[in-house]
Each structure stands twice: as structure tokens, then as C-alpha cells.
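Computed from the coordinates by the stated procedures, all read-outs in this text should not be read as laboratory data. Everything numeric here is computed off the predicted structure, so don't read it as measured data. Ideal geometry is used to build each Cβ from the backbone, glycine not excepted, and the neighbour counts take in all protein chains shown.
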Amino acid sequence: MKAFPSSDFHPSPAWTRESQLVELRHPNVIRVIDAKFIREPNPNDKTMPNCYTLMELAPYGTFLDFVSSKRFDGDEILARTYFHHLIDAIEYLHNNGIAHTNISLENLVLGQDYQLKLVGFSNLNSEKTGFRYSQGTKNFRAWEVKQGKSFSPKAADIYSAGIFLFVMKCGGMMPYVEDRPINGFDLFEILKKGYDAYWEAYHECQNRILHCDEDFMELFISMVKYNPSERASIESIKSNPWYQKEIYSSEELIALMKEKYRVSTILKKKSHVRQDFD
């Protein structure tokens, strides 16, 4: 449950945006089960919130937790499966006149059946409530969002999804760090120059070669282009050969993730035993 502050007993703008999600039903968008605006709150306590939303439970934490844990080992099929989930969620929202504008590992969670769920709609932009400026999340936001310029919310979603794609495919590594160079290379700026310049600089500054095929590299670059109007569409993303390769079925995903969480729990318990013994 989320409680929203109110002003003079009027609905919170954030609650107004998020309450729209009650009407939405998609397996990869967190379900808002109910949204309540109490029109007659306690008149003796104007500080009490009077807007609430109730959301489905996502018991396995965020993708930030998942990627940074020993559960994630760079499985390409798993990365592609979750990328499919995200693209399906974005397509559904965009088709319903909604853009998220703050996609990041913190705003992606694992639901009851280990499906990816998009959450964190405080920066929601929609045809109903209008455009709202978003600062996005550092290292996931498009350059125009970072600079506070006017931007296309849907194009910003595509950019952030491209960063998620890179992180999942490359075992948790980021494609760049916004505010500082890596070994003398400002990868954020070099990325604006395009395909060859970026990959050459990335491999040199990291002193390692990413084993990524041409289809993946082309897909990533197409999603994070400097010019928002040139970024990949949902249709072109889905037509990319890397995207069309194997993914896990729902049953396979549940079995795989259950095993990952079981093994992780065993290792954690063993670690605690060793610490206690020491």
C-alpha cells in the first residue's frame, strides 16, 4: 500500500497519475488493485494522507538486487527473456497513451511467478494527465532528460530500455558512467558518435572484450541514439535477430529462478555459519 500526501483535502497529483493504472492489466506492469481518495478525512488532522493505492505483491525484490547478487550469472537467454518482458510492458503502456520516463533497475521488480514487473510510476506521463518533467535515474536516463531539455517521453523509455538490455546481457556491467570518464574515456559522450567509436573505446577502457554478436550491438546502439527521433521503434526492436532468438517459457523461467534463489539461500546460510564460527 502507498499513501500520498494531500493538500487541502484535494487528491495528490502523484495519486491521480498512479490511480490510472487501476484500469491496466498486463503481466509485466505492476497491478494497482485499488485506488482510494477519501473525500471526508479527519477534519482535526489535516496532515493525514487521504489518497491510497494498493498494489500486487512483488516478493523477490528489484532487479538491482537481482543483478548485484550471485543469482545473476550473465545467462543470455535469461537476459533476453526479461528484455522481452520489459519491451512488452513498454509497448502496452505506449499503446495506452502512457510513458514511464524513469525505467531503471530499481523500478523493475520480480513478481510472484518471477515475471518482470514495471513499477515506480511517480514520473508518469500520459495523454490523460499530460506531460510531467522527469529527472530520470542516473546512468539510465537519456541525454536530453539528464540535461533537462524538452523530450519525447516514449523515446526516453526506449533509451532506458536499451541501458537495461546492456546491463542484463553484459552480466551487470554498465555501458558508461554519466559524470566521470573511465580510464580516460568519457563513454557517455563517445556513445553519441555512434557504433564503431563506442565499442572501440569501451573495449579499450575496460581492458576486456565483450563477447557480443553484431545483432546485439546493433540493437543496443539503435535504442540509445543521441537523436530521440532516430531511436528504434518497438517494431524494429522486435524484428532484430538477437531479440528473436530463444527465450525461456514461463514454466522454464519459474524452475530456473526457483533454483537460483534456492542455491543463493543455501550459500547465504553457509556464509553466516562460517562468520559465526570465525
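Pairs from the table (LYS154/LYS225; LYS146/LYS225; LYS149/LYS169; LYS128/LYS149; LYS117/LYS245) lying more than 25 angstrom apart at Cα are LYS149/LYS169. The trypsin sites (Lys or Arg not before Pro) of region 156-198 that DSSP puts in a loop, and whose beta carbon has at most 15 other beta carbons within 10 Å, are LYS192, LYS193. Does region 127-202 come out rounded, prolate or oblate by the C-alpha gyration tensor, with a ≥ b ≥ c the root eigenvalues, rounded set by a/c under 1.5 and, if not, prolate when a/b is larger than b/c and oblate if not? Judged from the Cα gyration tensor, region 127-202 comes out prolate (a/c at least 1.5, a/b above b/c). Applying 1/(1 + (r/R0)^6) with r as the Cβ-Cβ distance of GLU189 and ASP73 and R0 = 25 angstrom yields a FRET efficiency of 0.20.
Placing +1 on the Cβ of every Lys and Arg and -1 on the Cβ of every Asp and Glu, with nothing else charged, gives region 166-259 a dipole about its Cα centre of roughly 180 debye. The simple spin-label model puts a point 7 Å past each Cα toward its Cβ; for GLU230 and VAL22 those points are separated by 4.4 nm. Peptides 50-63, 215-228 ordered by packing proxy, namely the average of other Cβ atoms within 10 Å per residue, highest first: 215-228, 50-63. Check the straight Cα-Cα distances from LYS192 and name the aspartates and glutamates below 17 Å, setting aside those fewer than 8 residues away within the same chain. Answer for LYS192, where 17 Å is the Cα cut-off: GLU144, GLU178, ASP179, GLU200, GLU218, GLU230, listed by chain and number. Between ILE38 and GLU252, residue separation times 0.36 nm minus the direct Cα-Cα distance comes to 72.7 nm.
Put a dot 7 Å past the Cα of ARG262, heading toward its Cβ, do the same for ARG180, and the two dots end up 4.2 nm apart.
When each of the peptides 157-163, 18-24 is scored by how many other beta carbons lie within 10 Å of its residues on average, the order from highest to lowest is 157-163, 18-24.
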